[in-house]
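The values are calculated or read from the model by the stated rules, or taken from the named source; none is laboratory data. Keep in mind it's a predicted model, so treat the numbers as computed, not measured. Positions of Cβ are generated from backbone atoms using ideal geometry, with glycine treated the same way; all protein chains shown enter the neighbour counts. Side chains are part of the model used for accessible areas, which takes the heavy atoms of the whole protein and leaves out ligands, DNA and RNA. Shrake-Rupley method; radii C 1.70, N 1.55, O 1.52, S 1.80 Å.
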Amino acid sequence: MEKFNIAIDGPAGAGKSTIARLVAGALDFVYVDTGAMYRAVTWKINSAGLSPEQTSEMIALTERMNIRLVPGENGQMVYVDGEDVTGVIRTADITGNVSRVASIADIRRILTVKQKEMAASRGVVMDGRDIGTHVLPDAEVKIFLTASVQIRAERRYKEIRDSQPEITLERLERDIAERDRMDEQREAAPLMQAPDAVLLDTTELTVPEVVERILELCKSHV
Ligand code: C5P
């Protein structure tokens with residue numbers, strides 16, 4: 001089968017990673033979660049104790065760090081300089097800081113180069129915010145996945161309420177809306193639908209229905 005690339009973009013909590021992983025599995029493609037890379041950089045910056053104004057130190061750290069995404073039994077594992085950070089990059093602390101770090105153009109430039117390399121041999125499903133617009137503008141299939149902010153918050157709430165009982169649905173809704181605002185309004189590669197991306201609103205769709213629609217769109221390339 002000819003290999004091709006699939007770009008999946010959209011706002012926080014739209015189900016991109018679940019969908020992208022299933023699509024990659026169905027096609028035997030490699031799944032790349034670029035949000036995990038921005039989270040890994042944010043974790044490294046926090047661990048180094050850098051303050052928000054130490055931008056050049058953050059860029060230098062990003063330049064030096066080694067990020068590895070490895071397929072694991074329960075999804076993608078993330079390693080930073082050999083250390084397993086898969087769990088810690090999902091904490092509320094990192095989620096609250098990642099959009100600020102992701103707004104720094106030089107950090108985006110460094111990660112974009114890595115992401116392009118990962119997709120160079122094709123056969124990749126990559127999810128993020130700027131994949132169809134900046135990272136893989138030539139991707140054969142581009143999807144913009146969205147859903148109402150309420151439904152995205154509810155889905156996230158169901159996922160995390162057991163592990164993080166202190167988080168309320170209202171707080172999640174606020175945080176998601178704020179992260180979307182920052183991702184949409186930044187200057188460098190903001191979150192937006194590529195003109196040639198197919199819009200899929202998943203508010204009323206189940207996960208298997210969304211996967212089915214994407215696989216349908218891939219048919220002309222298989
Ligand atoms: O996908 P996830 O919610 O884990 O992404 C975390 C954050 O990383 C996003 O809110 C956004 O600020 C940033 N990001 C980005 N560009 C990407 C992927 C993620 O700016 N391609």
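Checking ILE143 against (1) open to solvent by 30 Å² or more (accessible area, probe 1.4 Å); (2) under 26 Å from VAL32 (Cβ atoms); (3) not in a helix (DSSP H, G or I), which test does it fail?
ILE143 satisfies every listed condition except (1).
Return the total of residues in the range 182-192 being open to solvent by 70 Å² or more (accessible area, probe 1.4 Å) and in contact with a helix residue (DSSP H, G or I) (Cβ under 9 Å, 6 or more places away or on another chain).
2
Return the total of residues in the range 61-79 being over 17 Å from the mean Cα position of the chain (by Cα) and surrounded by 13 or more Cβ atoms within 10 Å (Cβ to Cβ).
3
List the number of the failed condition for ARG21; all other conditions in (1) basic (Lys, Arg); (2) near the ligand (Cβ under 10 Å from one of its atoms); (3) under 22 Å from THR146 (Cβ atoms) hold.
(2)
Could you tell me whether any residue of the range 112-122 is more than 14 Å from the ligand (Cβ to nearest atom), open to solvent by less than 10 Å² (accessible area, probe 1.4 Å) and on the phi > 0 side of the Ramachandran plot?
At the first step, the residues of the range 112-122 found to be more than 14 Å from the ligand (Cβ to nearest atom) are 117, 120-122.
Keeping just the survivors that are open to solvent by less than 10 Å² (accessible area, probe 1.4 Å) gives none.
Within the range 112-122, not a single residue is more than 14 Å from the ligand (Cβ to nearest atom), open to solvent by less than 10 Å² (accessible area, probe 1.4 Å) and on the phi > 0 side of the Ramachandran plot.
Looking at the range 190-200, is at least one residue closer than 15 Å to THR18 by Cα, modelled with pLDDT of 95 or more and not β-branched (Val, Ile, Thr)? I'd like the intermediate steps shown before the answer.
Going through the range 190-200, the residues closer than 15 Å to THR18 by Cα turn out to be 200.
Checking which are modelled with pLDDT of 95 or more leaves us with 200.
Next, from what is left, pick out any that are not β-branched (Val, Ile, Thr): 200.
Yes: the range 190-200 contains one or more residues that are closer than 15 Å to THR18 by Cα, modelled with pLDDT of 95 or more and not β-branched (Val, Ile, Thr).
From the residues in the range 123-140 that are open to solvent by 20 Å² or more (accessible area, probe 1.4 Å) and within 10 Å of the ligand (Cβ to nearest atom), which one is nearest to GLY10 (Cα to Cα)? Give the steps one after another, and end with the answer.
Our first condition is that a residue be open to solvent by 20 Å² or more (accessible area, probe 1.4 Å); within the range 123-140, this holds for 129, 133-134, 137-138, 140.
After this cut, where a residue has to be within 10 Å of the ligand (Cβ to nearest atom) as well, the list is 129, 133-134.
Working: ARG129: 6, THR133: 12, HIS134: 14 Å.
This residue is ARG129.
What tally of residues in the range 147-171 results from selecting those that are surrounded by fewer than 20 Cβ atoms within 10 Å (Cβ to Cβ) and either farther than 21 Å from ASP93 by Cβ or among the β-branched types (Val, Ile, Thr) (or both)?
Qualifying residue count, the range 147-171: 10.
Any idea which residue in the range 16-59 is most open to solvent (accessible area, probe 1.4 Å), counting only those that are free of Cβ contacts under 8 Å to residues at least 40 places away in the same chain and within 19 Å of THR95 (Cα to Cα)?
Ranking the qualifying residues of the range 16-59, first place goes to GLU53.
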